[in-house]
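> Okay, here's the structure, questions in a sec.
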Amino acid sequence: MAIRRAMSGRIMDRTAVVGARYMSSWWRSVQPAPKDPILGVTEAFLADQSADKVNVGVGAYRDDNGKPVVLECVREAERRIAGNLNMEYLPMGGSVKMVEETLKLAYGENSELIKEKRIAAVQALSGTGACRLFADFQKRFCPDSQIYIPVPTWANHHNIWRDAQVPQKTYHYYHPESKGLDFAAMIDDIKAKGHFAFFDMAYQGFASGDPEKDAKAIRIFLEDGHHIGIAQSYAKNMGLYGQRVGCLSVLCEDEKQAVAVKSQLQQLARPMYSNPPVHGALIVSTILSDPDLKKQWLKEVKVMADRIIGMRTALRGNLEKLGSPLSWQHITNQIGMFCYSGLTPEQVDRLTNEFHIYMTRNGRISMAGVTTGNVEYLANAIHEVTK
Ligand SMILES: Cc1ncc(COP(=O)(O)O)c(C=O)c1O
């Protein structure tokens, strides 16, 4: 391959393997990219030598000893797969079996929409890849549309739709005083305007401990007759973070439209990564298509969610025990892996600098990083910086 560029008024051709004489001039204008706000927190945490350090930045589940977890159902699926797997490419749309099982989790085990084949769905590179594929699809087939993103959101949503060149707007979601949902303002922003609703469901099961219950919002939208899209991920609820296994689905008017949409999603994937990875998809389809393994998975999701719910109670309880005059009810009122603590960027900086506690500057605490061993320390530090 050759790269070509204009230089001093004339066009120069160079092969990709250029001579050392020219090397320095090619990328001279490239400046270091700004640090990712979430991954940057982990980098800073790793560099900290303190024995007290606590990482509540990244949204990755840890056990009560602060260690990463591989689920037993995943271990068992791997044992069953071992030696049985060839390394052939998956089709462009990914594992059909994995996608089938994944749709059931979101749309319902006995969904009529699935039976009617109205859902265009492809395997995606985890939740991020599913969002990006959808953003590219949106740009290609609805080029004048915009994306409305809640405030706050996962910071990468902004990058994803920016790189897909979809204009962004925001809608109200969080109420800073109540530290809960600002329902009135949200409804005001998104009043009946014929929106297409897109769900980024990266934590199904982590809210209640039951993936079926956590799909409630989606089911309500479906009952109300909306056409929706969903990004699903197995990073958190199956602990398959690095396997990059997920699914993008788009609900269509009929089977014919679904076939067309799926073919276009595949067309978008082809020049990007051609086809998705096989191993994680096989783990997921092995677990979800075996009733015993699925039962085991559901049990393990509940254990993870319950530990987080328990840590919410413990963090709030410790803050109240310390005599904090502030209300910490929102810690137990909020659900899921994260807690929007209400801490200011300056208070977060103090937590980091004085107590070696790492989180994003918007005060978002990943409850998955809180343990029996560090919850008192964390509560004490939060109490100190909010006095
Ligand atoms: C809200 C949200 N969506 C999507 C993702 C994507 O995760 P992954 O690409 O690992 O599935 C994350 C990960 O932190 C997230 O917090």
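> Determine whether segment 285-300 contains at least one residue that is on the phi < 0 side of the Ramachandran plot, within 16 Å of the ligand (Cβ to nearest atom) and crowded, with 22+ Cβ neighbours inside 10 Å.
Scanning segment 285-300, I find no residue that is on the phi < 0 side of the Ramachandran plot, within 16 Å of the ligand (Cβ to nearest atom) and crowded, with 22+ Cβ neighbours inside 10 Å, so the answer is no.
> So which of Thr372, Thr313 is more than 16 Å from the ligand (Cβ to nearest atom) and under 24 Å from Lys213 (Cβ atoms)?
Going through Thr372, Thr313 in turn, the sole match is Thr313.
> Now a separate question. Give segment 172-194 a look and list any residue that's under 19 Å from Gly342 (Cβ atoms) and assigned to a loop (DSSP other than H, G, I, E, B), or say none.
Tyr173, Pro176, Glu177, Ser178, Lys179, Asp182
> For Gly83, work out the one condition from (1) surrounded by 15 or more Cβ atoms within 10 Å (Cβ to Cβ); (2) more than 18 Å from Thr371 (Cβ to Cβ) it doesn't fulfil.
(1)
> Please work out which residue is surrounded by the most Cβ atoms within 10 Å (Cβ to Cβ), limiting yourself to segment 149-170 and to residues that are assigned to a strand (DSSP E or B) and within 16 Å of the ligand (Cβ to nearest atom).
Ile149
> Continuing with this model, one more query. Out of all the residues in segment 202-237, which are hydrophobic (A, V, I, L, M, F, W, C) and part of a loop (DSSP other than H, G, I, E, B)?
Within segment 202-237, Ala202, Phe206, Ala207, Ala215, Ala235 meet the criteria.
> Right, here's the next one. Give me the pairs: first residue in segment 152-181 and within 17 Å of Ala130 (Cβ to Cβ) and free of Cβ contacts under 8 Å to residues at least 60 places away in the same chain, second residue within 16 Å of the ligand (Cβ to nearest atom) and in a strand (DSSP E or B), beta-carbon distance under 6 Å, and six or more apart or on different chains, which are they?
Close Cβ pairs (under 6 Å, with a partner that is within 16 Å of the ligand (Cβ to nearest atom) and in a strand (DSSP E or B)) amount to His157/Ile149; Trp161/Ile147; Trp161/Gln168; Val166/Ile147.
> With the requirement that a residue be more than 10 Å from the ligand (Cβ to nearest atom) and either over 24 Å from Ala60 (Cα atoms) or in a loop (DSSP other than H, G, I, E, B) (or both), what does segment 238-248 give you?
Met238, Gly239
> Among the listed residues Ala207, Ala192, identify the single one that is farther than 27 Å from Lys117 by Cα, modelled with pLDDT under 95, of a type in the set (A, V, I, L, M, F, W, C) and within 14 Å of the ligand (Cβ to nearest atom).
The match here is Ala207.
The values are calculated or read from the model by the stated rules, or taken from the named source; none is laboratory data. Since the model is a prediction, treat every value here as computed from it, not as a measurement. We place every Cβ from the backbone using ideal geometry, glycine too, and count neighbours over all the protein chains shown.
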